[in-house]
Amino acid sequence: ALTDRRRRGEIPKELQTSLTRDVKPCHVSTEHTALETTGRDRPGLMSEISAALYELRCHVTAAVAWTHNARVACIIHIEDGLMRGPIMASKKLAQVHEKLESVVEAHHESGERWSVRLTAPAVGRTHTERRLHQLMYADRDYKQCQGCDGSCRQWNGCTNTHVTIEACREKGYLVVNIRCRDRTKLLFDTVCALTDMQYVVFHAAISSKGTMADQEYFIRRQDGCSSNTQSEREKLAQCLIAAIERRESHGLRLDICTQNKMGLLSDVTRVFRENGLSITRVEIGTQGERATGTFHVMDASGHEADLRTVELVRQEIGGSVLRVYRSPNGTSRASSSSISRNSSGEVEERAKFSLGNLLWSQLERFSENFGFIKS
């Protein structure tokens with residue numbers, strides 16, 4: 001029966017379950033109104049959005065944002081700051097939508113595309129990171145993505161992303177081979193890209209060695225169409241590279257834990273903006289009276305932020321910054337650092353060990369959803 005469903009181009013039920021089940025981060029609640037925004041990224045954008053929400057008396061309970069290829073996608077969960085609970089009044093929702101549209105469209109270029117969407121609370125909301133992939137794909141952040149192709153003579157030594165796509169005409173498959181840096185959630189991100197493009201995975205082989213990972217997929221279009229033009233292959237390769245790159249963190253990572261309060265996100269992002277730091281990635285949430293979050297920051301020109309500037313930010317936030325890490329930039333084993341002062345009062349960076357890749361420890365849970373490759 002499973003073989004028959006595959007021939008018809010249907011996704012096996014087991015794979016559907018693993019892709020669509022609601023595996024929310026603990027800090028995300030489906031009881032709050034969700035704000036989704038995509039568009040061109042610019043320094044200070046998150047600060048402007050959070051300030052607008054605070055002005056409208058909206059309390060941020062969780063927020064996640066990714067940036068890639070000068071595009072940004074963010075999901076912010078908010079509640080009524082006065083009444084607590086989701087925003088249900090249509091008038092208030094209209095005010096929030098209108099205000100945020102004016103914020104994100106400020107300084108926009110002619111023809112620039114923006115999307116601002118407010119959704120009511122819903123049971124079984126899509127996994128947050130899964131939704132971010134969908135938003136960035138719809139925003140076409142994959143444009144201009146280029147990795148190394150099969151002609152690269154340094155396939156065994158190059159650490160860039162390689163994607164090759166060939167046709168297996170005997171069985172009507174496209175064979176996709178991916179070689180890239182190994183990291184956490186690599187398999188999840190790749191399968192998200194294939195699913196968003198309406199491809200069904202029939203067989204897969206996954207392996208890793210050292211810092212690199214190899215993935216091989218035998219796929220077909222979900223609608224059963226066997227068309228595979230050169231332009232389709234190029235788009236598929238671009239989308240796979242984008243899905244792999246989106247999660248890569250750039251800049252310094254700051255872990256924050258502080259008291260939860262109205263306008264907290266606005267305060268923290270304002271401090272970053274006033275000190276010339278641009279946010280490249282965000283994940284924050286609240287649990288009772290505490291708020292925890294992770295920010296990845298660079299300077300406004302896109303370079304690594306100066307540690308002394310970060311120390312000034314830490315002091316201004318009020319000592320809530322627990323740790324500061326250097327970005328691993330996609331490598332499988334990350335180095336990290338903390339900020340301290342020596343006897344002369346100068347800022348020092350101390351190296352610490354952090355765990356490397358955890359992806360393949362989860363592979364067994366996913367592998368049962370893939371069939372074996374038959375000769």
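The values are calculated or read from the model by the stated rules, or taken from the named source; none is laboratory data. Not measured: the values here are computed from a predicted model. Cβ sites come from the backbone with ideal geometry, for glycine too, and all protein chains shown count toward neighbours. For the accessible areas, the whole protein counts, side chains as well, though only heavy atoms, and no ligand, DNA or RNA atoms are used. Shrake-Rupley method; radii C 1.70, N 1.55, O 1.52, S 1.80 Å.
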If r is the Cβ-Cβ distance from Glu31 to His97 and R0 is 22 Å, what FRET efficiency results, to the nearest 0.05? 0.65
How much of the pair distance distribution for the stretch 162-246 lies past 22 Å, counting alpha-carbon pairs only, in percent? 19 percent
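As an exercise, identify the GluC sites (Glu not before Pro) in the stretch 260-298 lying in DSSP coil whose Cβ has no more than 10 other Cβ atoms within 10 Å.
Numbers: sites: Glu274, Glu283, Glu289; in loops: Glu289.
Hits after loop and neighbour filter: Glu289.
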Going by accessible area, probe 1.4 Å, with all protein chains left in place, what is the ranking of Ile241, Ile206, largest first? Ile206, Ile241
Radius ratio Rg over Rh of the stretch 29-98, counting only Cα atoms, Kirkwood formula for Rh: 0.98
How do Trp66, Trp114 rank by accessible surface area computed with a 1.4 Å probe, from largest to smallest? Trp114, Trp66
So which trypsin sites (Lys or Arg not before Pro) in the stretch 245-320 are both in a DSSP loop and have at most 13 other Cβ atoms within 10 Å of their Cβ? Lys261
Using distinct alpha-carbon pairs, which all enter the 1/r mean, Kirkwood radius of the stretch 240-294 in Å: 12.8 Å
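Please give the per residue accessible area of the stretch 162-246, computed with a probe of 1.4 Å over protein heavy atoms only, in Å².
40 Å²
Report the relative contact order of the stretch 162-246, percent, no decimals, based on alpha-carbon pairs under 8 angstrom and at least 6 residues apart.
Result for the stretch 162-246 is 34 percent.
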